[in-house]
1. Return the only residue of Val236, Val230, Val246 being of a type in the set (Val, Ile, Thr), on the phi < 0 side of the Ramachandran plot and touching a Gly at 6+ places or on another chain (Cβ under 8 Å).
2. May I ask you to say which residue of Leu118, Leu94, Leu112, Leu90 is free of Cβ contacts under 8 Å to residues at least 60 places away in the same chain, more than 26 Å from Asn235 (Cα to Cα) and of a type outside the set (Val, Ile, Thr)?
3. Taking the stated definitions as given, is Glu261 charged (D, E, K, R), open to solvent by 70 Å² or more (accessible area, probe 1.4 Å) and within 21 Å of Leu25 (Cα to Cα)?
4. Do you know which residues across region 15-47 are in contact with a helix residue (DSSP H, G or I) (Cβ under 8 Å, 6 or more places away or on another chain) and under 13 Å from Gln79 (Cβ atoms)?
5. Kindly establish whether Ala144 is under 28 Å from Glu17 (Cβ atoms), of a type outside the set (Ser, Thr, Tyr) and in contact (Cβ under 8 Å) with a residue 12 or more places away in the chain.
6. Here is a check on your reading of the model: is Pro65 within 16 Å of Ser93 (Cβ to Cβ), surrounded by fewer than 21 Cβ atoms within 10 Å (Cβ to Cβ) and either at pLDDT below 95 or not hydrophobic (A, V, I, L, M, F, W, C) (or both)?
7. Look at region 78-92 and say how many of its residues are closer than 19 Å to Ser137 by Cα and either among the aromatic types (Phe, Trp, Tyr) or open to solvent by less than 10 Å² (accessible area, probe 1.4 Å) (or both).
8. Out of all the residues in region 107-125, which are at pLDDT 95 or above and of a type in the set (Val, Ile, Thr)?
Amino acid sequence: MVTLANLVVTSPCWDDEADPLANSLADLGKKFWVDVFLSPKQILKVSPAAVQKAMVRELEDWDDPTDARPLILVATSPQAARAFAKIETLVTSLLKRKPRLKYAAVGDDTALEFVYSLFESGIVKLKVEDILKPAVSGHIDKLADTLTEKLKPGTMVALLEARGDRGDFAQRLVAGGLRVTRLPVFSRENQELVTLPQSDNLWWFLITSSAYLKSLADDISSQKIDLNSVHWIGNVITLKDGVSRVAPEAHYHMVENFIPERILETISKY
């Protein structure tokens, strides 16, 4: 069958779950004359039992459930928003603080996942509009600014994040007068790009995070694909800066939502 383009789906996936977006793109690709290759750049895993135990103990030591002050629970990624609900001891600890909890997320996708996980875990039923978000979706520095501007000094903030995440975000909050604890609810394991076939068609790469862009760019170059001829597709404008750093002349295309038909239509109509 004749195809017009190649799409490589690099979005991270959980070690114990299928990726519905990747599978839908693979199933629908031929309808849009697009060859789809699945190559998750990261495998995600919920933190092991020992880390969970230490994390919950730190939360219990750091925060008194009877404190009258609010506790802000911040999801720093969609993966963090999903992972915390899988940790029963953490959910139990948060439920003890339910009357005080307020919620924030780094972007629209994260907020949507957060709403689902909060409901699934039995903590609270919210709308996406109830979650505090930065003015620019996905911009973690702007979220730090929003939190330090809106919250009183000394307000307690608990960050749902990945093991090994840099501490820049937490440091900015502390510098803004907030009390911060970091809850490493999951881990990322980097994966190499699958071997891709030679092709005269354009290569498109679906990306979801700037964290793995440099590694992905190196993998692409190692397969003799010209980085500056690659087309990148994502759903937040902040990824454009990351793409510009690894491939200054490449094209970045933003879709507001990762709807499979919309992604493939964008590619097939280019």
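1. Result: Val236 is the single residue among Val236, Val230, Val246 that is of a type in the set (Val, Ile, Thr), on the phi < 0 side of the Ramachandran plot and touching a Gly at 6+ places or on another chain (Cβ under 8 Å).
2. Unique residue meeting the criteria: Leu94.
3. yes
4. Within region 15-47, Pro40, Lys41, Gln42, Leu44, Val46, Ser47 qualify.
5. It is false that Ala144 is under 28 Å from Glu17 (Cβ atoms), of a type outside the set (Ser, Thr, Tyr) and in contact (Cβ under 8 Å) with a residue 12 or more places away in the chain.
6. So Pro65 fits the description; yes.
7. Final tally of qualifying residues: 2.
8. Val115, Ile123, Val124
The values are calculated or read from the model by the stated rules, or taken from the named source; none is laboratory data. Because the structure is predicted, anything quoted here is derived from the model rather than measured. Neighbour counts are summed over all protein chains in view; Cβ atoms, including those assigned to glycine, are modelled from backbone coordinates with ideal geometry. SASA here: full protein model, heavy atoms, side chains in, ligands and nucleic acids out. Shrake-Rupley method; radii C 1.70, N 1.55, O 1.52, S 1.80 Å.
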